[in-house]
Amino acid sequence: MKTIPFLSLEPQHALTGTEIKEVLTNGFEKNWYILGDSLKRFEEEYARFSGVQYCLGVGNGHDALYMALRACSIGPGDEVLVPANTYIATWLSVSRTGATIVPVEPDALTFTLDVNELEKKITTKSKLILPVHLYGHPCNMTSVEDLAKRYQLLIIEDNAQAHGASWNGKVTGSFGDINATSFYPTKNLGALGDGGAITTNSESFAGFVRRHRNYGFTDKDHCEQQGINSRLDDLQAAVLSVKLKYLSRWNEQRRKIALQYGDLLKGVGDLELPTEQVEARHVYHLFVIRSTYRDKLKEYLKSSGVETMIHYPIPPHLQQAYTSLGFKKGDFPVTEQLASTSLSLPLWPGLKDDQIHFICDRIQNFFNRYPLSVNRGCAW
Ligand SMILES: *Cc1c(COP(=O)(O)O)cnc(C)c1O
């Protein structure tokens, strides 16, 4: 049986492998691995790509979020509005500053912040909105910016899943006061290990992170603030420079595959398919469908040789790590419903037509074999 993995980096590597090995060899021979030329070069390139003045490479996405929050002076007593449905790293970065997490329900169509819910959660202690462009679909940044202006809140975008996405033609990672992203290997732009960055137009926020990622040093001898050690390696930066050249092409491929899935899966079973708002350019970091029969469908696909994943089966407010916040099941019903019905299908640059057809054929088959009425009978 042919197996279709959830993600394969092979097609990416087939395109970039030779050049990547070349830059790694050159990097090796430089005998300078931290805060060097390759990092500086990638930072300039990624700033240009993001349409901002400054980019600073850091150790990972979580540190990028944390340092962005610290740059905005977020700390104990401050309330930060975060999506209830996100990867837990977003929440953990807020917790790490000592600030209070105020979860906001998503809009069930796009999985991103429901801006009406957002406004209801604003209090006198609110300091910052942290929109996550989840799965590659940008948040409604028009409304987020409007609310931020009206209530004098800062914005940090979590752009870890949306490199190259845009809202009204403006690229994500350029809206907030300072923004964070991750170059974890599986992201749309991924390193060969951990990596992350902040993007901003603010000279002072950029200065803060420039110092903070390097223990707080302003130069070799002067430590101005109690920083951390979180720098993007020069070797990773060199790899990212190679891959960045292909990012737009890869995102186009992702969009094309999403379109194919959309055509082939329309009206199948009880599936709800990803949507793209008119202002949005979705970059399909993940292709997330929803079904009441999610668990059975996942099992069936597995037995047919199709790997799928769930992003994310347990929302942060129900994780053991956050029992101290006192949330319980039912507190965020939209988030919880998404967690119990979402299924991510394989989508990566290089996924072939016949693989897409095979996956969709299996899904069709599942719903043919288990007519909805019968399924419903046993589900309830
Ligand atoms: C991957 C991810 C992060 C964290 O990135 P790391 O580099 O793994 O620390 C944060 N937020 C979101 C939404 C992510 O998908």
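The values are calculated or read from the model by the stated rules, or taken from the named source; none is laboratory data. Note that this is a predicted model, so its numbers are computed, not measured. Positions of Cβ are generated from backbone atoms using ideal geometry, with glycine treated the same way; all protein chains shown enter the neighbour counts.
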Quick one: Asp234 ticks every box in (1) crowded, with 19+ Cβ neighbours inside 10 Å; (2) in contact with a Pro (Cβ under 9 Å, 6 or more places away or on another chain) bar one, so which box is it? (2)
Does Gly269 satisfy being out of contact with any Phe, Trp or Tyr (no Cβ under 8 Å at 6 or more places or on another chain), modelled with pLDDT of 95 or more and more than 16 Å from the ligand (Cβ to nearest atom)? no
Inside region 75-194, counting only strands (runs of 3 or more DSSP E) that do not spill past its ends, which hold 2 or more residues that are more than 16 Å from the ligand (Cβ to nearest atom)? 100-104, 126-129
When you scan region 295-315, do you find a residue that is acidic (Asp, Glu), part of a helix (DSSP H, G or I) and crowded, with 19+ Cβ neighbours inside 10 Å, even just one? no
Are any residues in region 320-336 surrounded by 15 or more Cβ atoms within 10 Å (Cβ to Cβ), within 22 Å of the chain's Cα centre (by Cα) and either assigned to a loop (DSSP other than H, G, I, E, B) or not aromatic (Phe, Trp, Tyr) (or both), and if so, which ones? Phe332, Val334, Thr335, Glu336
Examine region 55-70 for a residue that is more than 13 Å from the ligand (Cβ to nearest atom) and either among the β-branched types (Val, Ile, Thr) or exposed (fewer than 14 other Cβ atoms within 10 Å of the Cβ) (or both), and state whether such a residue exists. no
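The rows are residues; the columns are (1) farther than 22 Å from Thr323 by Cα; (2) surrounded by fewer than 24 Cβ atoms within 10 Å (Cβ to Cβ); (3) of a type in the set (Asp, Glu).
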residue: Thr90; (1), (2), (3): no, no, no
residue: Thr97; (1), (2), (3): no, yes, no
residue: Ala108; (1), (2), (3): yes, yes, no
residue: Lys120; (1), (2), (3): yes, yes, no
residue: Thr123; (1), (2), (3): yes, yes, no
residue: Gly136; (1), (2), (3): yes, no, no
